1. Of the conditions (1) assigned to a loop (DSSP other than H, G, I, E, B); (2) more than 18 Å from the chain's Cα centre (by Cα); (3) at pLDDT 95 or above, Q57 fails just one. Which one is it?
2. Quick one: how many residues across segment 1-33 are free of Cβ contacts under 8 Å to residues at least 12 places away in the same chain and either among the hydrophobic types (A, V, I, L, M, F, W, C) or touching a helix residue (DSSP H, G or I) at 6+ places or on another chain (Cβ under 8 Å) (or both)?
3. Here are the criteria: (1) surrounded by fewer than 19 Cβ atoms within 10 Å (Cβ to Cβ); (2) in contact (Cβ under 8 Å) with a residue 12 or more places away in the chain; (3) not β-branched (V, I, T). Tell me which single one M101 does not satisfy.
4. Residue by residue through segment 1-28, note down the ones that are loosely packed, with under 15 Cβ neighbours inside 10 Å, over 17 Å from V155 (Cβ atoms) and aliphatic (A, V, I, L, M).
5. I'd like to check something: does segment 65-82 contain any residue that is crowded, with 18+ Cβ neighbours inside 10 Å, of a type in the set (F, W, Y), touching a residue at least 40 places away in the same chain (Cβ under 8 Å) and in contact with a strand residue (DSSP E or B) (Cβ under 6 Å, 6 or more places away or on another chain)?
6. Please go through segment 140-154 and give me each residue that is under 19 Å from the mean Cα position of the chain (by Cα) and either of a type in the set (D, E) or assigned to a strand (DSSP E or B) (or both), ordered by number.
7. May I ask you to list pairs of residues, at least six apart or on different chains, whose Cβ atoms are under 9 Å apart, with the first in segment 117-135 being assigned to a strand (DSSP E or B) and the second being hydroxyl-bearing (S, T, Y)?
Amino acid sequence: MQYLNMDRLDSLDGKAFQTQDPFPWINPKGALSETGYRQLLSTLPDVSLFDKSFGYQRKHGQQAHDRYVLEYMDGLPVSDPWTAFIAELRGPEYHDFVCRMLGIRDFDLNCHWHYAPSGCSVSPHLDSARKYGSQIFYFNTTEDWQADWGGQTVVLSDRNRKIRVPNPEFEDLECVATSQTIGNYSLLFAQGPHSWHGVRALNCPENRLRKIFIVVINRLTPLLRLRRAVGDLPRGLSSAAA
């Protein structure tokens, strides 16, 4: 069983991605095989494994990004499909795909799940400069979610606007697009000085959760670069497991 749909990923145009306005982003359908997606969907980690991250003040005075969080580390008691999928993310095919799309030579991965209940939001922000980018895999379907409940990642632009604060509101930025999130969709985007994004407040029933899995594509630290050079660390191995 292969979870990544490499035919679909290989069909994506890296040059077009890198020149996308206002920053590199793409929201493809079918990045996972349909069988693989269904297996991952049916074996998502239970929320009881997650840490609660609610009400924490973010730097620059940004609104708290409330959610349940589970960071992947080797040995975490998740299902066999998820273990196999993460092994694929650490493998050479995904490595080559990421390098081609982002125009880089190497990177470090870490992965985590976020579940969010009603009322939660992700205020407009730029990711850490340590990141090359992220790929978000969405795990809500028409069986458990409605589009008007929200959950879409909003692609934002500071084009023609002078953003003088690090914690703008959605109204301070131009909405370029909202991602498709219901079903087998993902969002790949590159980190940069204009890669503003966020998620508006969820309006779902109390018993529903927005569910995503995020692959964070990090720059190599000097230590990891050295370990990679001497063959002590395989390509794509999560720093959380290193």
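1. (3)
2. Step one: filter segment 1-33 for residues free of Cβ contacts under 8 Å to residues at least 12 places away in the same chain, giving 7, 11, 13, 15-16, 19-20.
The next check asks that each one be either among the hydrophobic types (A, V, I, L, M, F, W, C) or touching a helix residue (DSSP H, G or I) at 6+ places or on another chain (Cβ under 8 Å) (or both); those that pass are 16.
Residues meeting the conditions: 1.
3. For M101, the exception is condition (1).
4. M1
5. Within segment 65-82 (the criterion being crowded, with 18+ Cβ neighbours inside 10 Å, of a type in the set (F, W, Y), touching a residue at least 40 places away in the same chain (Cβ under 8 Å) and in contact with a strand residue (DSSP E or B) (Cβ under 6 Å, 6 or more places away or on another chain)), the answer is yes, since at least one residue qualifies.
6. Once the filter is applied, which keeps residues that are under 19 Å from the mean Cα position of the chain (by Cα) and either of a type in the set (D, E) or assigned to a strand (DSSP E or B) (or both), segment 140-154 yields N140, T153, V154.
7. From segment 117-135, the pairs are V122/T153; G133/S195; Q135/S186.
Okay, residues lined up against (1) buried (at least 22 other Cβ atoms within 10 Å of the Cβ); (2) over 12 Å from the mean Cα position of the chain (by Cα); (3) farther than 26 Å from F17 by Cα:
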{"residue": "N167", "(1), (2), (3)": "no, yes, yes"}
{"residue": "F170", "(1), (2), (3)": "no, yes, no"}
{"residue": "C175", "(1), (2), (3)": "no, yes, no"}
{"residue": "T178", "(1), (2), (3)": "no, yes, no"}
{"residue": "I182", "(1), (2), (3)": "no, yes, no"}
{"residue": "S186", "(1), (2), (3)": "yes, no, no"}
{"residue": "P205", "(1), (2), (3)": "no, yes, yes"}
{"residue": "F213", "(1), (2), (3)": "yes, no, no"}
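The values are calculated or read from the model by the stated rules, or taken from the named source; none is laboratory data. Since the model is a prediction, treat every value here as computed from it, not as a measurement. As a convention, Cβ positions derive from the backbone with ideal geometry for all residues, glycine included, and neighbour counts pool all protein chains shown.
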